[in-house]
Amino acid sequence: MCYNPSYCWILAMSLGPFFARKHSNKERVPKTVTQLFSYYIYHILMHHSVKTESPRVAMRNIGDMAFTGVSQRKIVFNTEDLKKSNLQPSQFHSGFLFELIERESSEHSVVYTFPHLTIQEFVAALAQFLSPDLGTIRRCLDFADREEDGSFEIFLRFVAGLSSPQAGHPLAEFLGPFENETTRAVIDWLKEKVKAQVRDTETITGKRKLLNTLHYLFESQNQALAQLTLGSEQTLMFGGGSSGKHIH
């Protein structure tokens with residue numbers, strides 16, 4: 001972790017409270033990356049954000065901007081980007097974005113960036129569960145799933161992970177409960193995804209897609225869904241010949 005200070009920082013902020021308490025509930029310790037990031041966002045909401053009348057709306061607006069950035073491969077945002085997402089500089093988002101001074105000739109301007117790209121992807125995924133429009137998550141999943149360059153893989157892992165009650169629970173205190181319809185839509189999408197991919201393992205591309213889809217399934221921590229989609233599969237092979245890799 002010393003070679004990646006950003007991850008070290010995220011881990012410290014997320015897990016610090018668990019190690020600091022002598023009588024911590026071990027069942028609440030994060031089991032997935034999604035749960036880890038949920039506690040990271042919880043920590044910011046608890047200690048580092050500016051109070052606002054509607055943190056749910058503000059977080060959704062931040063997430064919408066983050067999703068636009070992921071879609072456009074954009075990690076630096078200016079004041080105009082904030083305004084398009086109904087955000088104001090130094091508002092609620094101050095705990096989520098870093099302010100950077102950008103020098104253009106003799107003039108200075110302020111731009112904004114998330115502490116790490118994975119945080120941007122997580123916040124983008126979180127916004128999908130805060131939207132009251134069910135069509136939002138369906139359009140988002142269809143759009144992200146069509147991209148073949150891997151740019152949405154981490155984002156989709158977070159979306160799958162946020163369908164787990166354990167991931168959403170820490171954030172409910174500040175953001176309220178997730179939309180049940182959205183969670184069901186994600187689970188239905190994941191069910192179809194696993195069933196389709198588990199039958200397509202004849203090519204390297206098919207095996208790679210299945211392995212990534214299993215990452216989604218793991219993040220969801222949905223044992224019933226795993227049993228339903230994988231059934232009696234005991235071993236999945238991800239290589240050729242006798243040296244192929246197996247997952248049990």
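Provide, in order from the shortest bin, the percent of all Cα-Cα pairs of segment 150-219 in each 10 Å bin, continuing until the bin that contains the maximum pair distance.
20, 46, 25, 8, 1
Give me, ordered by chain and number, the residues 5 or more places off S163 or on other chains with an amide H under 5 Å from its own placed amide H.
The list, which skips near neighbours in sequence, is empty: none.
What ranking of L87, L214 comes out by heavy-atom accessible area, probe 1.4 Å, highest first? All intermediate terms of the calculation are to be shown ahead of the outcome.
On the way: L87 0, L214 30 Å².
Largest accessible area first, the list is L214, L87.
Go through segment 72-81 residue by residue and turn each phi into a ³J(HN,Hα) via Karplus (6.51, -1.76, 1.60, θ = phi - 60°); whole Hz please, and just put x for glycine and proline.
Working through the residues one at a time gives 9, 6, 10, 10, 10, 10, 10, 4, 5, 4 Hz.
Highest first, please rank the peptides 64-71, 204-211, 184-191 by the mean number of other Cβ atoms sitting within 10 Å of their residues.
Details: 64-71: 21.6, 204-211: 15.4, 184-191: 18.8.
In descending order of packing, they fall as 64-71, 184-191, 204-211.
With 29 Å as the limit, write out which pairs from K74/K193; K83/K193; K84/K207; K31/K193; K84/K195; K84/K209 have Cα-Cα distances beyond it, or answer none. Display every interim value, and only then the final one.
Numbers: K74/K193 27 Å; K83/K193 36 Å; K84/K207 40 Å; K31/K193 23 Å; K84/K195 39 Å; K84/K209 35 Å.
Distance filter (> 29 Å) returns K83/K193; K84/K207; K84/K195; K84/K209.
Gain in length, E153 to E202, computed as 0.36 nm per residue apart minus the alpha-carbon separation, to one decimal in nm?
Details: separation 49, 0.36 × 49 = 17.64 nm, distance 2.14 nm.
Taking 0.36 nm per residue and subtracting the Cα distance, the gain is 15.5 nm.
Once you list every other residue whose beta carbon is under 12 Å from the beta carbon of C140, what net charge do they have if Lys and Arg are +1 and Asp and Glu are -1? Numbers along the way, then the final one.
Values: positive: R138, R139, R146; negative: D64, D133, D142, D145, E147.
It works out to a net charge of -2.
Within a Cβ distance under 12 Å of E153, other residues only, what is the Lys/Arg minus Asp/Glu net charge?
Working: positive: R157, R208, K209; negative: E121, D145, E147, E148, D149, E219.
My count for the surroundings of E153 gives -3.
For V76 paired with V29, estimate the spin-label separation in nm (one decimal), with each label point 7 Å from Cα along the Cα-to-Cβ line.
It is 4.1 nm.
Hey, if you drop one equal point scatterer on each alpha-carbon of segment 179-220 and run the Debye formula without solvent, what base-10 log of I(q)/I(0) do you get at q = 0.17, 0.19 Å⁻¹?
-0.46, -0.55
Mind checking the full-extension length gain between V110 and E192? Use 0.36 nm per residue of separation minus the Cα-Cα distance, one decimal, nm. Numbers along the way, then the final one.
Working: separation 82, 0.36 × 82 = 29.52 nm, distance 4.40 nm.
Stretched out fully, the V110 to E192 stretch lengthens by 25.1 nm.
If you filter segment 105-146 for trypsin sites (Lys or Arg not before Pro), then keep DSSP loop positions with at most 10 other Cβ within 10 Å, what is left? Don't skip to the end; give the middle numbers.
Details: sites: R138, R139, R146; in loops: none.
Nothing satisfies the criteria.
At most 16 other Cβ atoms within 10 Å and a DSSP loop assignment: could you name the GluC sites (Glu not before Pro) in segment 130-237 that fit?
Details: sites: E147, E148, E153, E173, E179, E181, E192, E202, E219, E233; in loops: E147, E148, E179, E202, E233.
Counting only loop positions with at most 16 other Cβ atoms within 10 Å, the GluC sites (Glu not before Pro) in segment 130-237 are E147, E148, E202, E233.
Each residue of segment 125-133 in turn: what ³J(HN,Hα) in whole Hz from Karplus with 6.51, -1.76, 1.60 and θ = phi - 60°, glycine and Pro shown as x?
Whole-Hz 3J(HN,Hα) from phi for segment 125-133: 5, 4, 4, 5, 8, 9, 7, x, 8.
Points 7 angstrom from Cα along the Cβ direction at Q227 and L117: gap in nanometres?
So the label points at Q227 and L117 sit 3.9 nm apart.
The values are calculated or read from the model by the stated rules, or taken from the named source; none is laboratory data. Being a predicted model, the structure only gives us computed values, none of them experimental. For neighbour counting, all protein chains shown are included, and Cβ atoms are generated from backbone atoms with ideal geometry for every residue, glycine included. Accessible surface is based on the protein model in full, side chains and every heavy atom, while ligands, DNA and RNA are left aside. Shrake-Rupley method; radii C 1.70, N 1.55, O 1.52, S 1.80 Å.
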